[in-house]
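Participant: Below are the structure tokens for one structure; questions will follow.
The values are calculated or read from the model by the stated rules, or taken from the named source; none is laboratory data. It should be emphasised that the depicted structure is a prediction, and the values quoted were computed from it without experimental measurement. Every residue, glycine as well, gets a Cβ built from its backbone with ideal geometry; the counts of neighbours run over all protein chains shown. Only protein heavy atoms, including side chains, enter the accessible area calculation; ligands, DNA and RNA are left aside. Shrake-Rupley method; radii C 1.70, N 1.55, O 1.52, S 1.80 Å.
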Amino acid sequence: MTQPALDLIIAALETIREKSDHAPRASRIVLARLQVARAAAARPLALRTAHAMPDDAVVSAVPSEDPGAPSNAELLAVVRDRVRACTKCAHLACSRTQTVFGVGNPDADLMFVGEAPGVDEDQQGEPFVGRAGQLLTRILKAMNFAREDVYIANILKCRPDTSPGTFGNRPPTPSEMQTCRPYLVEQIEIIQPIVLVALGAVAVEGLLGTRATMRELRGRWHSYNGIPLMITYHPAYLLRNQAPSEKRKVWEDMLQVLERLERPISERQRNYFL
Ligand code: SF4
């Protein structure tokens, strides 16, 4: 894209961002990336004029990546700071111990999306650290991934509050998910994983706005903004329902994910049961 075209797009998006509360929205991340692209578009032109080098020499003189471009880790840190200060859901901002942003590789090929932090995650500030999280870690290990290789986030960044004296967690409401969803959208925009996995029907509702049973949703490919999306059971479901047939379904979904990522799959993995 040429620099004047990028200038026009950036100016239009900045106007939308400042003046409109309604769709279409211009996310900060898209603006940051376009500004980086504009800087990169200007560079080869300047090099050609200054040095009058042959075309192939110019190409090799232009760095393949803009050294000034923010890394995914830096872009995520900006969003993390906004989440940390967020009070859009006043009731959750009051009740949370801390926000739970996300964890893992900012450049991951594979990203998991769950629903909301539970009591353990609220205490530790990291998603999927309770019993369900430990099972997710085991699933990842069976796929030959460490937690640090993938990125894990939730639709909601604050633990849904519960009445004093009650035990356990509650699922997020549609309104809470709608309010918090833009942060997850930004995380996905930054990371741009090759494959997304949604864990459970609530995560699907938050991500796609689709309400359906897991029987209808899981085991086949969906799409989120052009990114292949696999839907499978939440690990907490597997803790409640220990039937081998249910565990095998999740593992078959993960085998599809490995195939989509073009990862080698051993015979042992193919025959594996969680
Ligand atoms: S749940 Fe999300 S939108 Fe609501 S207060 Fe927490 S960070 Fe903000």
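Participant: Per residue, how much accessible area does the range 132-258 have with a 1.4 Å probe, in Å²? Intermediate results must be reported in sequence, preceding the final value.
Facilitator: Details: 5470 Å² over 127 residues.
Accessible area per residue: 43 Å².
Participant: May I pose another question? ASN271 to THR15: extension gain in nm, 0.36 nm per residue of separation minus the Cα-Cα distance? All intermediate terms of the calculation are to be shown ahead of the outcome.
Facilitator: Working: separation 256, 0.36 × 256 = 92.16 nm, distance 5.50 nm.
Gain on extension, ASN271 to THR15, equals 86.7 nm.
Participant: Could you work out how far apart the two model spin labels at LEU255 and ARG131 are, taking each label as a point 7 Å from the Cα in the direction of the beta carbon, and quote it in nm?
Facilitator: 2.8
Participant: Another question about this same structure. So if we plug the beta-carbon distance of GLU246 and GLU74 into 1/(1 + (r/R0)^6) with R0 = 30 Å, what FRET efficiency do we get, rounded to 0.05? Please report the intermediate quantities before stating the final value.
Facilitator: Values: r = 40 Å, r/R0 = 1.35.
Result of the calculation: an efficiency of 0.15.
Participant: Once you have the Cα-Cα distance between HIS91 and ARG215, take 0.36 nm times their residue separation minus that, and quote the gain in nm to one decimal.
Facilitator: Values: separation 124, 0.36 × 124 = 44.64 nm, distance 3.33 nm.
Value of the extension gain: 41.3 nm.
Participant: Nearest 0.05, what FRET efficiency do ARG84 and SER223 give at R0 = 45 Å with Cβ-Cβ as r? Write down the numbers at each step before the final one.
Facilitator: Working: r = 31 Å, r/R0 = 0.69.
Calculated transfer efficiency: 0.90.
Participant: When DSSP assigns beta bridges and you keep just the ones with both residues in the range 178-274, what percent turn out antiparallel, to the nearest 5? Write out the running numbers ahead of the final one.
Facilitator: Values: 4 of 8 bridges.
Around 50 percent antiparallel, to the nearest 5.
Participant: Restricting attention to the range 161-258, which chymotrypsin sites (Phe, Trp or Tyr not before Pro) occupy a DSSP loop and are surrounded by at most 16 other Cβ atoms within 10 Å?
Facilitator: Of the chymotrypsin sites (Phe, Trp or Tyr not before Pro), the ones in loops of the range 161-258 whose Cβ has at most 16 other Cβ atoms within 10 Å are PHE167.
Participant: For the range 150-274, what % of the accessible area comes from carbon and sulfur atoms, probe 1.4 Å?
Facilitator: Details: 3010 of 6010 Å².
The computed percentage sits at 50.
Participant: How fast does the range 130-267 diffuse by Stokes-Einstein, in µm²/s, taking the Kirkwood radius from C-alpha pairs at 4 °C and 1.567 mPa s? Walk me through the numbers on the way to the answer.
Facilitator: Numbers: Rh = 16.0 Å.
So the translational diffusion coefficient is about 81 µm²/s.
Participant: Using 0.36 nm per residue, how much length does the chain from ARG263 to VAL119 gain when fully extended, once their Cα-Cα distance is taken away?
Facilitator: Working: separation 144, 0.36 × 144 = 51.84 nm, distance 3.44 nm.
Contour length minus Cα-Cα distance gives 48.4 nm.
Participant: Out of the total accessible area of the range 83-137 (probe 1.4 Å, heavy atoms of protein only), what percent is carbon and sulfur? Each step should come with its number before you reach the end.
Facilitator: Numbers: 1050 of 2340 Å².
Accessible surface attributable to carbon and sulfur in the range 83-137 totals 45 percent.
Participant: Taking the Cβ of ARG84 as the centre, find all other residues whose Cβ is under 11 Å away and add up their charges (Lys, Arg: +1; Asp, Glu: -1).
Facilitator: Working: positive: ARG80, ARG82, ARG96, LYS157; negative: ASP81.
Here the count lands on +3.
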